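Scroll down for the structure; my scribbles are underneath it.
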């Protein structure tokens, strides 16, 4: 437990201003629990800055006094990076929630770190543009958190990860200096691309206070379908076929196992399986239609040919926005359904897309070697190789909890054997910061440590996260 010097606490309160701090346990409590309840933290002081200057003053004091601080966005992270587990000062960016500017001509949006993702999406929509980052927590996660974790979501196939959507950043360094890099240029070949250091760094190198984001033309409409595939082996080939047929307009291609869908139907109200007779793998397909081209017919024809060849058993198209929302509800509520059904060992891995079938076969065997009653309930983003490989032991909650570490280890080992990653989009935090030492080279780890020492020599920013102990 880190003890906060009362004199330092008073200095931080003065710098934050009357509305910029709290010691009220009731106000602080929601910030201390990770959304799945795996990590619970403690802090003597919650800081709530509303401007970049305030963040700068606060970090300067923390750096001078060696006071450790944990930055927090919407508290939706799944690896514990946002939780002050050792009594560090907690700094929330929630009050920094302004859209500073938006340009339909430049296709840019500048948002402060505390802007909720859904509000950024709405601001873009108001000027007939699209900010494409989309994930289940978009109603509460924030732009700063999305950047610090390099968030992914369901549209990575078409638009890329968060690092692909960031044109510029405003960063406060550990010593309080402000890096103003909100230029937003598509081309700027004047040395190291410094902003990339802070994307995915989980607040360990600096605190994001604002970002200039990349916007896209708003799609004129969507073609959305749920298709039953004959086996997981055909998924990648089918995706490539659909990309060719639609001019690379496929936005999402989500793989779901029937057992996972069954959990949604069991636990989530107002859901229905559009292909109830199919017991195998299902894919949710969405194509974004630009104004000049409606890909619906092309998608229908491509799926019809795949059915003739036995690759697709059946397919259902959304005939209305209500149908589309119902299809997406099946996918978006999968994590919640898993949680409601009891203990789950969640794995966020990525592998080369052509090796997904190999991984599933090897991982299914590996988890049973760790726990005979273990069964997999995978789903995920086939187009970018990211699988959420969930593991349960139906009727054996105590056993799955006891075997959690062993199951995580064997799943990560199988991903690594296929040249994959143990964390595709959730990050490392305190969940995987020890494990990463087994899979990254010593040279990579040392370079990461060197960056940390250079930018945060006093180790005040989110200590104990991301890097191996």
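No lab work stands behind these numbers, since they all come straight from the coordinates. Please read all numbers here as calculations on a predicted model, not as lab measurements. Backbone-built Cβ (ideal geometry, glycine too); neighbour counts: all protein chains shown.
Overview of results
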item	result
Packing-based order for 420-426, 77-83, using average beta carbon neighbours within 10 Å, highest first	77-83, 420-426
Stretchable slack from residue 190 to residue 316, in nm (0.36 nm times residue separation minus alpha-carbon distance)	40.3 nm
Burial order of peptide ranges 461-469, 215-223 (average beta-carbon count within 10 Å, highest first)	461-469, 215-223
Cα centroid separation - region 376-407 against region 129-183, whole Å	28
DSSP beta bridges in the chain [antiparallel fraction, %, rounded to 5]	90
Global form of region 222-333, assessed from the alpha-carbon gyration tensor, a/c cut-off 1.5	oblate
Ordering of 52-65, 184-197 by packing [mean C-beta count within 10 Å, highest first]	52-65, 184-197
Share, in percent, of DSSP beta bridges within region 99-217 that are antiparallel, nearest 5	95
Tensor-based shape of region 98-221 (alpha-carbon gyration tensor, a/c under 1.5 rounded, otherwise prolate or oblate)	prolate
For region 338-371 and region 1-25, distance of Cα centres in Å	44
Gain on full stretching of the segment that runs from residue 365 to residue 64 - 0.36 nm per residue minus C-alpha separation	103.1 nm
Degrees, to the nearest 10: 258-267 long Cα axis against longest axis of the chain	60
Computed E for residue 358/residue 329 - FRET, C-beta separation, R0 22 angstrom, nearest 0.05	0.10
Projected label distance in nm at residue 437 and residue 42, using a 7 Å step from Cα toward the beta-carbon	2.5
Rounded tilt (10° steps) of 296-308 against the dominant C-alpha axis of the chain	60
Tensor-based shape of region 331-373 (alpha-carbon gyration tensor, a/c under 1.5 rounded, otherwise prolate or oblate)	oblate
Fully extended contour minus Cα-Cα distance, from residue 26 to residue 304, at 0.36 nm per residue	94.4 nm
Computed E for residue 125/residue 271 - FRET, C-beta separation, R0 22 angstrom, nearest 0.05	0.25
C-alpha long axis of helix 52-65 to longest principal axis of the chain, angle in °	60
Structure-based [θ]222 nm, the chain - -39500 (n - 2.57) summed over DSSP H runs of at least 4, per residue, nearest 500	-10000 deg cm²/dmol
FRET E, pair residue 291, residue 7, Förster distance 60 Å, beta-carbon r, rounded to 0.05	0.45
Cα centroid separation, region 418-469 to region 239-276 (Å)	34
